[in-house]
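The structure appears below as structure tokens.
The values are calculated or read from the model by the stated rules, or taken from the named source; none is laboratory data. Note that the structure is a prediction, hence the values are computed from the model and not measured. In this analysis, Cβ positions are derived from the backbone assuming ideal geometry, glycine residues included, and neighbour counts consider all displayed protein chains.
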Number of protein chains: 2
Amino acid sequence: MGEHTNPWANLKGKNIPSNVELDHVIYQYARPGCHVLDIGCGTGKVSIPLASQGFLVKGVDINAEALMMATCSSGSQKCPQVPLFVQADATHLPFSDSTFDLVIMQAFLTTVTSKDDRTRIIREACRVLKPQAHLYLADFGQTWHSKIYRERYINDLPVTREEGSILAYDRETGEIAYIAHHFTEKELVFLLVGNGFEIEFFKRDGFVTRNGNLVNGFVVVGGKV
Amino acid sequence: MGEHTNPWANLKGKNIPSNVELDHVIYQYARPGCHVLDIGCGTGKVSIPLASQGFLVKGVDINAEALMMATCSSGSQKCPQVPLFVQADATHLPFSDSTFDLVIMQAFLTTVTSKDDRTRIIREACRVLKPQAHLYLADFGQTWHSKIYRERYINDLPVTREEGSILAYDRETGEIAYIAHHFTEKELVFLLVGNGFEIEFFKRDGFVTRNGNLVNGFVVVGGKV
């Protein structure tokens, strides 16, 4: 998942989608003052509002341009705590064990095409969380009832090589920009319970994609076992 | 699926579970006066209220005792139309092609353990529906986030031989009473779109089982293509 192979490292910052809103359940697991890590923070759409509420936020992303935009945005706001944005690979986080009270992955795992990397990322999140602390995860669900997605899952399979994944195209060039994975409930649950978490909250939700399509979504809170 | 092999044929009528409520979306697809078939009607919990609203209802079930209870219940109520209850196998319905305006399967497919029978049943429903008429289907979804169901899916697999199926026990004798299948969205969608329907409505819902457990559910309306 180095910079050379990861399409997210070199995507234009403004083209990084981030349409999924934080679910309010997060405030049952985190209080202002607590230490939050936002993995795949992009341009800071989650980190900055949380910092403005008094959370101590660190945001990591692989995309340097997005991090620069995030830093600029947060500088222009009057946050009681300015979030710290760091370029990092989610499979190898530059933080000590048991550092954070809450890790957030907001529509981030969808961008990770390797199953092994997904496992590594969840284990890394577990490692940097304090004992009994929480992982908040919101992501896309496979949406078979939609004819549009059903056809994309099937038609894109020869390229994505994973059921439930789709190709996303660059709007300007028309070229493949990245692969997005939509999860099944089973996939997401075993990813967590197999890598250090138990499920404490699980909600089937509906999200809107960057194109305005309605898609199944999950909001999950895992507790570090 | 003859009487000798189908556990539902000889189950005590009062032990037939029916906890799932009709979703109001059904009234967008059916008006009083229209001809409704309730497949797997059990003791009439769906058929009787619909008849009391003026629908022309036929209910079929494999269980004779349940049908007798249904007939008694409907006789004791003042329905403008009395539903007609008929013992039949859903894979071979005793009705002509293009008879009904609406077919209902309310937590019925969950009881059908054979994939081939599920296909036959959906095709039969399609056959007895008028052109462009609708199938309303509500059923249980695989609920992997629940530790209880996750363990049942895994532990019961050697007996059920189908992922997402569970064993249900007789409360008095403790013996296996039947197998219940919980569907994935993909399974349910392809069962319909592969057998004469297109998806016109799809809702991810939550149901309560006979034991009071919360479980994922789907409410689906298919239009006869």
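General remarks:
- The single residue among B:Y153, B:Y169, B:Y136, B:Y149 that is within 28 Å of A:Y153 (Cα to Cα) and without any contact (Cβ under 8 Å) to a residue 40 or more places away in the chain turns out to be B:Y153.
- Residue pairs meeting the criteria (Cβ under 7 Å; at least 6 apart or on separate chains; first under 28 Å from B:T184 (Cβ atoms), in the stretch B:94-113; second modelled with pLDDT of 95 or more and of a type in the set (D, E)): B:I104/B:D38; B:A107/B:D139; B:L109/B:D139; B:T110/B:D139
- Odd one out for A:V36 among (1) modelled with pLDDT of 95 or more; (2) more than 20 Å from A:D117 (Cα to Cα); (3) assigned to a loop (DSSP other than H, G, I, E, B): (3)
- Any pair with Cβ under 9 angstrom, 6 or more apart, that starts in the stretch B:173-188 at a residue that is within 14 Å of chain A (Cβ to nearest Cβ) and surrounded by fewer than 19 Cβ atoms within 10 Å (Cβ to Cβ) and ends at one that is of a type in the set (D, E, K, R) and in a strand (DSSP E or B): none
- Residues that are away from chain B (no Cβ under 12 Å), in a strand (DSSP E or B) and surrounded by fewer than 14 Cβ atoms within 10 Å (Cβ to Cβ) within the stretch A:189-225 comprise just one, A:V208.
- The selection criterion, being buried (at least 19 other Cβ atoms within 10 Å of the Cβ) and hydrophobic (A, V, I, L, M, F, W, C), holds for A:V57.
- Restricted to the stretch A:11-33, and to residues there that are touching a strand residue (DSSP E or B) at 6+ places or on another chain (Cβ under 6 Å) and assigned to a loop (DSSP other than H, G, I, E, B), the residue that is farthest from A:S73 (Cα to Cα) is A:Y29.
- Candidates are the residues of the stretch A:116-154 that are over 15 Å from the mean Cα position of the chain (by Cα) and β-branched (V, I, T); the one that is farthest from the other protein chains (Cβ to nearest Cβ) is A:V128.
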